[in-house]
2 protein chains.
Amino acid sequence: MRIADAGDPLMGQLVARYGAEEALAQVREGRLGPGFVAEIAARRGKPIDCERRLAAWRARLPYVDAEADLARGEELGARLVVPGDVEWPTQLDDLHHERPLGLWLHGSADLRFACLRSVSIVGSRAATPYGVHVAAELAAGLSEAGWTIVSGGAYGIDAAAHRGALAGVAETIAVLACGTDVAYPAGNHGLFEGMRARGLLVSECPPGVRPTRIRFLVRNRLIAALTRGTVVVEAAIRSGALSTAGHAVKLSRHVAAVPGPVTSGNSIGCHRLIRRAEAVCVTTTHEVIELMAAIGDDLSPEPRAPVLPRDRLDAESRSILEAVPSRSGAGPATIAVSAGVDLMTTLSHLGVLAAAGYVERTDHGWRLRRST
Amino acid sequence: MRIADAGDPLMGQLVARYGAEEALAQVREGRLGPGFVAEIAARRGKPIDCERRLAAWRARLPYVDAEADLARGEELGARLVVPGDVEWPTQLDDLHHERPLGLWLHGSADLRFACLRSVSIVGSRAATPYGVHVAAELAAGLSEAGWTIVSGGAYGIDAAAHRGALAGVAETIAVLACGTDVAYPAGNHGLFEGMRARGLLVSECPPGVRPTRIRFLVRNRLIAALTRGTVVVEAAIRSGALSTAGHAVKLSRHVAAVPGPVTSGNSIGCHRLIRRAEAVCVTTTHEVIELMAAIGDDLSPEPRAPVLPRDRLDAESRSILEAVPSRSGAGPATIAVSAGVDLMTTLSHLGVLAAAGYVERTDHGWRLRRST
């Protein structure tokens, strides 16, 4: 984890083929396993400069002190989990050669268990008050329903999602692009404290590692892979959240996007996802749950229009009611002609409408009752 | 048009079968054509009470004065067009038996010609400032591009669409649920004046007829049928705009909906259309035109992210650039290890990055240049 960059597929294949200990021994010896390089090249269909990559890994060897990392982690209260551990979330296998070699965890939650029913909520750092509000509301609703909220711990939508989740009852997980002790950005310090108490800070980076642009992008694949699906709340046209959504699409996870004002630059990315049918349009917690849950579970209630008393009338009664004047009265014959209904039917319907309180009879004929 | 209600399918079939003059003669005689009733019943698969409908039509006969209607129309400056006239828009044939028997027109535009390239923009009467803004912007953009805007002349989204259209160069058409002289609501009087000058007021109702709830709903089928497609800008869960969208779906017209804040009740109807895939999500004039125009014409430009100078760097240069500290300097060996790139390559890339202005060499090593 110190020698190769996070998500390095060559190292991923080396470890998959030989196991971590043998892979490390080969790097130390400066010679990759016989046939391995040819195999990789054959699989990719073009040659790969393994020698140069090996040299770069080896250049980092003198600076690596695994014992010190583990000691530092223990001192901080963080733990390292690797594939095969009970707490390892096996859905990360979907990342194939880019699966992390291990994850540093800091917090009270069990990573594998917490992610069984989890949704990631991501979006712009420079979020609008609308986006912050919606992210917090969605996260709180999902958390109340027992869904773990995963995000990136950044300002804006990420922070709102974590905060909303903490307002509910479920755990919330931040996947960081730096050591769990660095916990960037510092302005979310209080939030990270809350997540260590009810949730987790997760990172591929050993303690002390600082975030870089590349680490943020590489980190996004973990947010997508850990969860059943990703909800993009706000995303400008150039947003890291779209990279997470892209990973989710590639990993066959659900992708949802929240619409917003078409006048808001922060919703352009969401609308593009919806227009391209890469994301489902979601507007409520229920709709997110319907999408993410197992098929047939948790169907979202359709938004229902209120039923007005008039709706219960048959077509003939409605026509007659429309023909009754609101102020001055009208005789049944006039009403019948206007409604296009014969006189006998009109008289009988007027009686029923009067009994139901829609119309009243005055000295000048029938008219609507005020309250209708 | 005075005897039967607008869109009465029985009258539509009678006129289709015998022509308007013979149909009127049969109603006057009180006897529908031999076999016609049986034919209708056979087609519907269940008996239909033609006698009662005939009686209702006949009850209106004494109040009908066609000559007076025509004279009144001429006096007002309105004209009556019927199927077969040069100005008759043949796309109304898609309404089959509910095709209007005729249309009263008041204004300078040619109805058939104006509707060749037309879009309807509809939505809530109680619109939000957001909806009003978007409706006006879309209509103005479409009008500038030569598209006729059709709407219902109501307050809110309708009025904003007509106003936006008048701000452009194309014509705009209001399809009313009352006589073109009644021109409800009165508050849009100035707008209707503008539309008579550059556009049309259109109605199935003869002069002097007042609007009713039923006439509004029946009118919506004309808005859908006249145009290539319907854009719903804002619609609460119970909105006439959804009835227009429903007609457009049934008529195989394009249907689009503008997303809005999920916190706005006025956007619930739009989001439901999008979620059910009954409408395409549209956010700009271009996207509306792309949808409504002939296939291949007027493709909408995709929203493009700005390209930053860093994007042009290859992966190795980016890694090296990330490894260069921003304040204190670092030696090439440290940078090479951090970037995971060998020393010779690092040195050569640092030279290129310095020439391009990304990094600079100081007494303490390499560092980022301020402006980057």
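What the table shows:
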item	result
Positive-end residue, the protein assembly as shown charge dipole about Cα centroid, Cβ charges, pick of A:Leu92, A:Gly269, B:Ala126	B:Ala126
A:Val86 paired with A:Ala41, simple spin-label distance in nm, labels 7 Å along Cα-to-beta-carbon	4.6 nm
Residues whose placed amide H lies under 5 Å from that of B:Ala126, excluding near-sequence neighbours	none
Accessible area expressed per residue, region A:90-292, with surrounding protein chains retained (probe 1.4 Å, Å²)	33 Å²
Selection from A:Leu116, A:Ser143, A:His106 lying farthest towards where the dipole of region A:100-163 points positive, charges on Cβ	A:His106
Within the protein assembly as shown: Cβ-based charge dipole about Cα centre, in debye rounded to nearest 20 (Lys, Arg +1; Asp, Glu -1)	380 debye
Percent accessible area from carbon and sulfur atoms, region A:9-64, protein chains only, probe 1.4 Å	53 percent
Accessible surface of region A:90-292 [probe 1.4 Å, protein heavy atoms]: carbon and sulfur percent	55 percent
Region A:115-192 - charge dipole about Cα centre, Lys and Arg +1 at Cβ, Asp and Glu -1, debye rounded to 20	100 debye
Share, in percent, of DSSP beta bridges within the protein assembly as shown that are antiparallel, nearest 5	35 percent
Nearby aspartates and glutamates by direct alpha-carbon distance to A:Lys250 (threshold 12 angstrom, same-chain neighbours under 8 apart not counted)	A:Asp94, A:Glu278
Heavy-atom accessible area per residue - region A:309-368, 1.4 Å, Å²	52 Å²
Positive-pole candidate from A:Pro207, A:Pro185, A:Gly260, dipole of chain A, charges at beta carbon	A:Gly260
Per-selection metrics, chain A (Cα): Rg and Dmax in Å	30.9, 109
Residues whose placed amide H lies under 5 Å from that of A:Asp181, excluding near-sequence neighbours	A:Gly208
Region A:309-368, accessible surface, carbon-and-sulfur percent (1.4 angstrom probe)	54 percent
³J(HN,Hα) computed for each position of region A:264-270 - Karplus, 6.51 cos²θ - 1.76 cosθ + 1.60, integer Hz, glycine/proline x	9, x, 6, 10, 4, x, 5
Rg to Rh, two decimals, where the protein assembly as shown supplies the alpha carbon set and Rh follows Kirkwood	1.13
Tail beyond 28 Å, pair distance distribution of region A:49-180 (Cα, percent)	30 percent
Area buried, chain B against chain A - accessible surface, total, 1.4 angstrom probe, square angstrom	4200 Å²
Candidates B:Asp181, B:Asp65, B:Asp93, ranked by Gaussian network fluctuation over chain B, Cα under 10 Å, top entry	B:Asp65
Charge dipole magnitude, Cβ of K and R +1, D and E -1 - chain A, Cα centre, debye nearest 20	1040 debye
Residues whose placed amide H lies under 5 Å from that of B:Ala257, excluding near-sequence neighbours	B:Val232, B:Val280, B:Cys281, B:Val282
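The values are calculated or read from the model by the stated rules, or taken from the named source; none is laboratory data. Since this is a predicted model, take the numbers as computed values, not measurements. Note: ideal-geometry Cβ built from the backbone for every residue, glycine included; neighbour counts use all protein chains shown. Heavy atoms of the whole protein, side chains included, go into the accessibility calculation; ligands, DNA and RNA do not. Shrake-Rupley method; radii C 1.70, N 1.55, O 1.52, S 1.80 Å.
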